[in-house]
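Participant: What follows is a single structure, and I will ask about it in a moment.
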Amino acid sequence: MEMAFPEGVRLVIWDLDQTFWNGTLTEGEISWVDEHERVVKTLAERGIVSSICSKNDMANVMSVLQARNVDSYFIFPSIDWTAKGNRIRGIIDNVQLRPETVLFIDDNHLNRAEAADLNPGLNVASELIIPTLLDHPQFAGKDDRELTRLAQYKMMEERKRDASTAGGNEDDFLRHSGIKVYIDYDLEGNIDRCVEMINRTNQLNFTKKRLSPDVEQAKKEFAAELRDARVQGGLIHCRDKYGDHGYVGLYLTSEGRTLKHFLFSCRVLGMGVEQWLYQRLGKPWLQVEGEVLSDPRDESRNIDWIELVADKGDADKIAGADMKIDKFYVLGGCIMENIGHYLQVFSKKVIHEGNERRDGMDFRRTHTSYLAYGDWLPNSVFFDAVGRLGCRREDFHNRIFEADGKSALVLSFWYDQISPLYRHRSVPIEMPFLIDGVRWDEDVTKLQYHQMPADFRSGKDAERIFHYFKNNFIYNGYINPGSYRNRVNAILNRIHAGIPIFLLDLPGADEEKWSERQVRRDMIDSINRAHKELAAERSNIILIDPMEFILQPEDRMDWWHFDRKVYYRIFQRIKALISAM
């Protein structure tokens, strides 16, 4: 019997009498069909599971199946004397698949018609299709000779059974389920699973961004996504008291603010894993595409039943239990945002202080100028001078100075090395002044307004700001190491005494790879020497040298952008040092 299927079948629902076996059980002897048993077992080894929808007596049917040791191959069997259409819908809902991926086999054409009518998209066929199933391309599945998928559905079946007897309070049931989640950041090492999940998950795939249907091409595409220094991500592994669910989710963020991929297996539907992870990631921007079965942004449930574990194989090793820190204050640009990504998942709260881009201008709030001038906010002369540059008062109010005794700081002042300063002609201040599209080392005072990028000139106050700047500021070059040290020292003096401070050194220069304009070796060496002097004077400063974590050339994309693994290694060092305190 030839039959076309819209996509690969993942579940076969069997009628029994005159279909799976010959004869009618309630009317006497039945004739077992060995070939049908082989089909069910072979499909299971391909990751395609089977269920039952039969008008029969449950005890009698299970007695027959158990005698043949085949009962364990069927999930969510529905065996009673009611109509089959609604029962099939219940089976499909329980296994959380779409009808298009399900086949119902029944010898009775009325049963098939009813099932198809009540379950739009369901594939239906008579018993004549059975001999062709194993050779049909939509039943090829994938190698699962260890019956992993069947075991996962058996766990789901047990969970559903327990939930139905838990008194109706689903959240209380979940609180007693012992749900543990592990985040595996080795996406490259699990690229096959990543590609499979991106292209096969539907109902809990919230972004619907697909890769090439060709597996090898899809791997190349995903590997290219991972080579973006602004990208972070992880695979979600889940287990509970019913067993190991394996990898059930995947996320990929861009710059920590936007979810490029956010998807989960339907095996965890109703467990709250997607909402829990969305909260742990700091609620990044998520554009939900198409129809989905839940909303990760839903905050109506207090998901307090999931624990993050530090080891996939050790459910008792709770992640972050030894962090000893309530809050991390992270200061710096994109590299610090990437480090903060990992701290955010493992600690109670991470507060990231970065730079801001407005009206075609970069306001480098992480430059020591902004931090050092924070005490000058009440000074009207000072604020009049910087306010005419487009600065706001909040640009100089940095939350790192709010850190208390249960906090830790992770600081990077890398922008001091690449942002030249401009000195005011009459007010004793010097500030970086950066316009998007203008080289960082360009003396803006020597340029004309018409040479400014269109994005900047489109701002309503752009021309006024530009001419005020040209008339009142003088190019003063890069900060010298002595001034840098004094500024950082003044900044540290304003921070709560005794707070652990992780200070990132500047990464070493590679003059053959990066131009002198971008990287000046003498400046790098001088600033790192200043860090060592400050650390020698203050016992709470721990220096982090990024070069220690660059293990191979491809780990470094340019002077200060690295592969994801580098940021993770830095996080691991910080975590280990905090744990040892």
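Participant: Amide H to amide H, which residues 5 or more places from ASP362 or on other chains are under 5 Å from it, using H placed in the peptide plane?
Facilitator: The answer is LEU434, ILE435, ASP436.
Participant: Quick one: which residues, 5+ away or cross-chain, put their amide H under 5 Å from the amide H of GLN18? H built at 1.01 Å from N.
Facilitator: Here the answer is GLY23, since their amide H atoms fall under 5 Å of that of GLN18.
Participant: Let me ask something else about it. Mind checking which aspartates and glutamates have their C-alpha under 19 Å from LYS327, skipping anything on the same chain fewer than 8 residues away?
Facilitator: Within reach: GLU307, GLU337, GLU353, GLU402, ASP404.
Participant: Moving on. Work out from phi, with θ = phi - 60° and the Karplus expression 6.51 cos²θ - 1.76 cosθ + 1.60, the ³J(HN,Hα) of each residue of segment 96-108, listed in order in whole Hz, and give x for Gly and Pro.
Facilitator: 6, 10, 8, x, 5, 9, 10, 10, 10, 10, 8, 6, 9
Participant: I would also like to ask the following. Here are some pairs, LYS208/LYS406; LYS160/LYS565; LYS142/LYS180; LYS219/LYS348; LYS241/LYS283; LYS260/LYS470; which of them have Cα atoms lying more than 30 Å apart in this structure?
Facilitator: Violating the 30 Å limit, Cα to Cα: LYS208/LYS406; LYS160/LYS565; LYS219/LYS348; LYS260/LYS470.
Participant: Please arrange GLU127, GLU274, GLU299 by how many other C-beta atoms lie within 10 Å of their C-beta, fewest to most.
Facilitator: The most exposed by this proxy come first: GLU299, GLU127, GLU274.
Participant: Report the trypsin sites (Lys or Arg not before Pro) located in segment 61-114 that are in a DSSP loop and have at most 14 other Cβ atoms inside 10 Å of their Cβ, or state none.
Facilitator: ARG68
Participant: Moving on to the next point. For a test of the definition: using alpha carbon positions, the gyration tensor, and the 1.5 limit on a/c, classify the chain as rounded, prolate or oblate.
Facilitator: Prolate, because a/c is 1.5 or more and a/b exceeds b/c.
Participant: Charges on Cβ only, +1 for Lys and Arg, -1 for Asp and Glu, centred on the Cα centroid of the chain; of VAL309, GLY189, ASN355, which one is farthest towards the dipole's positive end?
Facilitator: The Cα lying farthest towards the positive end belongs to ASN355.
Participant: Let me ask something additional. Give me the distance between the Cα centres of segment 553-576 and segment 246-260, rounded to whole Å.
Facilitator: One Cα centre to the other: 18 Å.
Participant: Further question: Take every DSSP beta bridge whose two residues both sit in the chain, then give the antiparallel share in percent to the nearest 5.
Facilitator: Just about 50 percent of them are antiparallel.
Participant: Oh, and also: Assuming a ≥ b ≥ c are the square roots of the Cα gyration tensor eigenvalues, decide whether segment 11-152 counts as rounded (a/c under 1.5), prolate (otherwise, with a/b larger than b/c) or oblate.
Facilitator: rounded
Participant: I would also like to ask the following. Give me the percent relative contact order of segment 169-299, please, defined on Cα pairs under 8 angstrom at least 6 residues apart.
Facilitator: 28
Participant: Enumerate the calculated ³J(HN,Hα) couplings along segment 4-19 in order (Karplus 6.51 cos²θ - 1.76 cosθ + 1.60, θ = phi - 60°), each rounded to whole Hz, writing x wherever the residue is Gly or Pro.
Facilitator: Those phi angles translate into 9, 10, x, 7, x, 7, 10, 8, 10, 9, 9, 6, 9, 4, 6, 10 Hz.
Participant: Could I ask something else about it? Could you list which residues have their amide H under 5 Å from that of VAL330, counting only those 5 or more apart in sequence or on another chain, with H placed in the peptide plane?
Facilitator: Residues meeting the criterion, in which the H sits 1.01 Å from N, are ILE351, HIS352, GLU353, VAL410.
Participant: Same structure, new question: Test of understanding: ordering LEU250, LEU286 by Cβ neighbours within 10 Å, fewest first, what list do you get?
Facilitator: Ordered from fewest to most neighbouring Cβ atoms within 10 Å, LEU250, LEU286 come out as LEU286, LEU250.
Participant: Please report the relative contact order for segment 327-580, taking Cα pairs under 8 Å with a sequence separation of at least 6, and give it as a percent rounded to a whole number.
Facilitator: Reported relative contact order: 21 percent.
Participant: With θ set to phi - 60°, apply the Karplus curve 6.51 cos²θ - 1.76 cosθ + 1.60 along segment 566-574 and write out the HN-Hα couplings as whole Hz, x wherever there is a Gly or Pro.
Facilitator: In residue order, the calculated couplings are 5, 4, 5, 5, 5, 4, 4, 5, 4 Hz.
Participant: Quickly estimate the mean residue ellipticity at 222 nm for the chain, helices only: each DSSP H run with n ≥ 4 gives -39500 (n - 2.57), and the total goes over all residues, rounded to 500.
Facilitator: Computed mean residue ellipticity for the chain: -9500 deg cm²/dmol.
Participant: In percent, what relative contact order does the chain have, based on Cα pairs under 8 Å that are 6 or more apart in sequence?
Facilitator: Taking the mean separation of contacting Cα pairs over the length of the chain, I get 10 percent.
Since every read-out is calculated from the coordinates, none of them should be taken as a lab result. Not measured: the values here are computed from a predicted model. Ideal geometry is used to build each Cβ from the backbone, glycine not excepted, and the neighbour counts take in all protein chains shown.
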